[in-house]
Protein chains: 2
Amino acid sequence: MKCCDMKGFLSYLILWNLSKKSMSGSEIACDLERRRGNKPSPGTIYPALKELKEKGLVTADKDKVYSLTKKGERELTDACKAFSVLFFDVKDMFSCCKLQLLGCGKRRL
Amino acid sequence: MKCCDMKGFLSYLILWNLSKKSMSGSEIACDLERRRGNKPSPGTIYPALKELKEKGLVTADKDKVYSLTKKGERELTDACKAFSVLFFDVKDMFSCCKLQLLGCGKRRL
DNA sequence: CTAAATATATCGGTTATCCGATAGTTATCC
DNA sequence: GGATAACTATCGGATAACCGATATATTTAG
């Protein structure tokens, strides 16, 4: 995702999560554990959040709950666009492994 | 994609391409240019192919045309599975950038 | 309130990822 | 055949991405 002002897919997924719901660092880590199978280290998640904050893409309230900024929303939109071009044939990839798209778009936190 | 025996998304996309059609290095590079917007450097594509070959995931014939091996097919299937879990809600990501004037997501209320 | 548990944050270092430069190889064209 | 272009390949290095260890802060339990 070099087209965007983010580190990589980790930052992309963080922004993506925050676009749905404001979350704390540990909540974000839990979501990433579900996606990747292993939980990101504190040394991974908090520096990423710090960088996103410094770039003005997210903000944190007094309870350390992070939210997307307007700039972050724009960034995420750009990233989603790049992502959809990069993986334009993602449907074929999914069907490649015969995995059902269970509840695509809705998941419980 | 640390769950798989590949470098990253670059190797993943190489395997994915080869699963559709045997290709030379430059053909692969052209596809990646379409996906990413910029063409990968020779110093990117050929070391990746070399690594895949050394791992037994691809083979090259005398004309330097690369093909997936059986092992490569299995590896790709595993990678597709991990990919589909990692981006299980990819449909929402795609629609995110199509509805950019309406905003990408809903924040917590 | 105090102690334990959890969450947040930082730092240094390791590995991954990728590129530019360079060189050798193959194809094309006259 | 020989020159030119395109492709293939390697190398060293720059940066990204991430983790483990550690430290601090906050919450929870008794």
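The values are calculated or read from the model by the stated rules, or taken from the named source; none is laboratory data. Keep in mind that what you see is a predicted model, and the values were worked out from it rather than measured. For neighbour counting, all protein chains shown are included, and Cβ atoms are generated from backbone atoms with ideal geometry for every residue, glycine included. For the accessible areas, the whole protein counts, side chains as well, though only heavy atoms, and no ligand, DNA or RNA atoms are used. Shrake-Rupley method; radii C 1.70, N 1.55, O 1.52, S 1.80 Å.
Could you grab me the full set of residues in region A:58-70 that are surrounded by fewer than 22 Cβ atoms within 10 Å (Cβ to Cβ) and farther than 22 Å from B:Phe94 by Cβ?
Initial filter on region A:58-70 (surrounded by fewer than 22 Cβ atoms within 10 Å (Cβ to Cβ)): A:59-65, A:67, A:69-70.
Matches in region A:58-70: A:Thr59, A:Ala60, A:Asp61, A:Lys62, A:Asp63, A:Lys64, A:Val65, A:Ser67, A:Thr69.
Residue by residue, here is whether (1) open to solvent by 70 Å² or more (accessible area, probe 1.4 Å); (2) assigned to a helix (DSSP H, G or I); (3) closer than 22 Å to B:Leu86 by Cβ holds:
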| position | (1), (2), (3) |
| --- | --- |
| B:Ile14 | no, yes, yes |
| B:Glu27 | yes, yes, no |
| B:Leu32 | no, yes, yes |
| B:Gly43 | no, yes, no |
| B:Pro47 | no, yes, no |
| B:Glu51 | no, yes, yes |
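Going by the structure shown, is A:Gly25 within 13 Å of DNA strand D (Cβ to nearest atom) and modelled with pLDDT of 95 or more? Step through it out loud before you land on a result.
Details: within 13 Å of DNA strand D (Cβ to nearest atom): yes; modelled with pLDDT of 95 or more: yes.
Taking the combined requirement at face value, the residue satisfies it.
Return a yes/no flag: does region A:40-51 have any residue that is away from DNA strand C (no atom under 11 Å from the Cβ), touching a Gly at 6+ places or on another chain (Cβ under 9 Å) and under 23 Å from B:Cys96 (Cα atoms). Step through it out loud before you land on a result.
Looking only at region A:40-51, we keep the residues that are away from DNA strand C (no atom under 11 Å from the Cβ), and these are none.
Looking for residues that are away from DNA strand C (no atom under 11 Å from the Cβ), touching a Gly at 6+ places or on another chain (Cβ under 9 Å) and under 23 Å from B:Cys96 (Cα atoms), one finds none in region A:40-51, hence no.
Just to be sure I understand, how many residues within region A:46-87 are at positive phi and either within 15 Å of DNA strand D (Cβ to nearest atom) or within 14 Å of chain B (Cβ to nearest Cβ) (or both)?
Going residue by residue through region A:46-87, those that are at positive phi are A:56, A:64.
Narrowing the set further to residues that are either within 15 Å of DNA strand D (Cβ to nearest atom) or within 14 Å of chain B (Cβ to nearest Cβ) (or both) leaves A:64.
Of the residues in region A:46-87, 1 are at positive phi and either within 15 Å of DNA strand D (Cβ to nearest atom) or within 14 Å of chain B (Cβ to nearest Cβ) (or both).
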